[in-house]
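Scroll down for the structure; my scribbles are underneath it.
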Amino acid sequence: MLISLIAPIYNEEKNIRLLTEKIDQTMQQYQYEYELILVNDGSKDDSLHIIKQQAQLFSQIKYISFSRNFGKESAMLAGLNACAGDCAIILDADLQHPPERIPEMITYYNEGYDQVVMKRDRTGEHVIRKLPTQLFYKLINKAVDIKLTDGEGDFRLISRRVIDSILSLKEYNRFSKGIFEWVGFTKKTINFKNVERHEGISSFSPKRLIDYAIDGIISYNNKPLRLCFHFSAVTMALCILYILITFIQILRHGIEEPGYFTIIASVLFLGSVQLFSLGIIGEYIGRIYYETKGRPHYIICDTNINETDIQKKVR
Ligand code: UDP
Ligand code: MG
């Protein structure tokens, strides 16, 4: 049995050595046959250099280096495209996803589970990050058809069946958390403790997290569009009611009030409803625009993996 480990890497120069050593130690200890695919997502620091050094030391290391930063989603996809294992484990390079837990994941895989998901408890995490995240999950589970769980992220083992199902999805805008749930199969959840990243800082700024949240909500269905429709239907009904009442009053009493406030209020309100709806429609059109362009998710500029090995799986 070959196990593929996939780690997306963006500016992780201080973590790569420890990561590769820890993984090798764990895998050797349990005598697992493995390959480690390090995907350099356009790092601006010395990451690629260190990846190449480590690849000299460990023959199991394969690397893919992008021509620029394409984002973690693309990096994970590249890893899945290139992996040859019977199952794959995706983990962050900053050691927030402890490699020591890999054997446990493999045990459950051997028991027959197709997905073994590591669920992170958020103890010790800053409230500024914790609260919006919890809010996001409340919101997204209302908006989309699949159920997403707080703390269940990309740290997971997936079987070959799951890998192939994921690779068969052609969409450009990828939201992995949703895709993993969407493809289904049997799933086992294990808890793990949240730890600080080993070195460096997180590359997900608040703005990037908000963008990610919008991606999650929009990527699944057209419920937000439908919401716009319902919302405008209600406001339109209220408007008609208001016009009727005012008209009857004018017929009975003539024009008495200057009506300044009501006019401004309704103009502002309707304006905001329209902007809101336009915004949502725009989000969808933006996505259609990207999908129709049919661009690749990433461009590889350097790799030690045989070109044909990658190509045969890339669509
Ligand atoms: N990452 C990546 N491309 C990016 C941003 C991040 O490949 O554009 C990688 C990063 O190197 C790490 C993982 O994705 O291995 C998670 O990133 P980070 O630790 O910054 O996110 P957080 O843990 O704070 O959610
Ligand atoms: Mg991290």
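The numbers here are math on the coordinates, done by the rules we state, and not lab data. Values in this document were obtained by computation on a predicted structure and should not be read as measured data. Cβ coordinates were reconstructed from backbone atoms using ideal geometry, including for glycine residues, and neighbour counts include every protein chain displayed.
Compute a Gaussian network model of the chain, connecting alpha carbons closer than 10 Å, and tell me which residue from GLN54, GLN25, GLN274 fluctuates the most.
Highest fluctuation of the listed residues: GLN274.
Which of rounded, prolate or oblate describes region 1-63 when judged by the alpha-carbon gyration tensor and an a/c cut-off of 1.5?
prolate
At 222 nm, what helix-only mean residue ellipticity would the chain give, in deg cm²/dmol to the nearest 500, using -39500 (n - 2.57) for each DSSP H run of four or more?
-16500 deg cm²/dmol
Ordered by residue, what ³J(HN,Hα) values in Hz, to whole numbers, does region 223-231 give under the Karplus form 6.51 cos²θ - 1.76 cosθ + 1.60, where θ = phi - 60° and Gly and Pro are x?
4, x, 5, 4, 4, 4, 4, 4, 4
What is region 58-136 by shape, rounded, prolate or oblate, if you read a ≥ b ≥ c off the alpha carbon gyration tensor as root eigenvalues and call it rounded for a/c under 1.5, prolate for a/b larger than b/c, and oblate otherwise?
oblate
Which shape class applies to the chain: rounded if a/c is under 1.5, otherwise prolate when a/b exceeds b/c and oblate if not, where a ≥ b ≥ c are the square roots of the Cα gyration tensor eigenvalues?
prolate
Sequence-distant or interchain residues sharing an amide H contact under 5 Å with LYS119, placed H: which?
Here the answer is ILE190, ASN191, PHE192, since their amide H atoms fall under 5 Å of that of LYS119.
Take the cross-link list LYS119/LYS223; LYS52/LYS147; LYS72/LYS188 and give me the ones stretching past 31 Å between alpha-carbons.
Too far apart for the 31 Å limit: LYS52/LYS147.
List VAL117, VAL39, VAL273, VAL183 from most exposed to least, where exposure is judged by having the fewest other Cβ atoms within 10 Å.
VAL273, VAL183, VAL117, VAL39
Which cross-chain or sequence-distant (5 or more) residues have an amide H under 5 Å from the amide H of CYS301, H modelled 1.01 Å from N in plane?
SER65, PHE66, SER67
How about region 56-140: which trypsin sites (Lys or Arg not before Pro) there lie in a loop by DSSP and see at most 11 other Cβ atoms within 10 Å?
Qualifying residues, ordered by number: ARG68.
To the nearest Å, what is the center-to-center distance of region 185-238 and region 12-52, using C-alpha atoms only?
30 Å
Between their Cα atoms, which of LYS14/LYS207; LYS14/LYS44; LYS22/LYS187; LYS130/LYS193; LYS22/LYS193 are more than 20 Å away from each other?
LYS14/LYS207; LYS22/LYS187
Could you derive backbone 3J(HN,Hα) for region 297-305 from the dihedral phi with the Karplus parameters 6.51, -1.76 and 1.60 (θ = phi - 60°), listing whole Hz in sequence and x where the residue is Gly or Pro?
6, 7, 10, 8, 10, 7, 7, 9, 8
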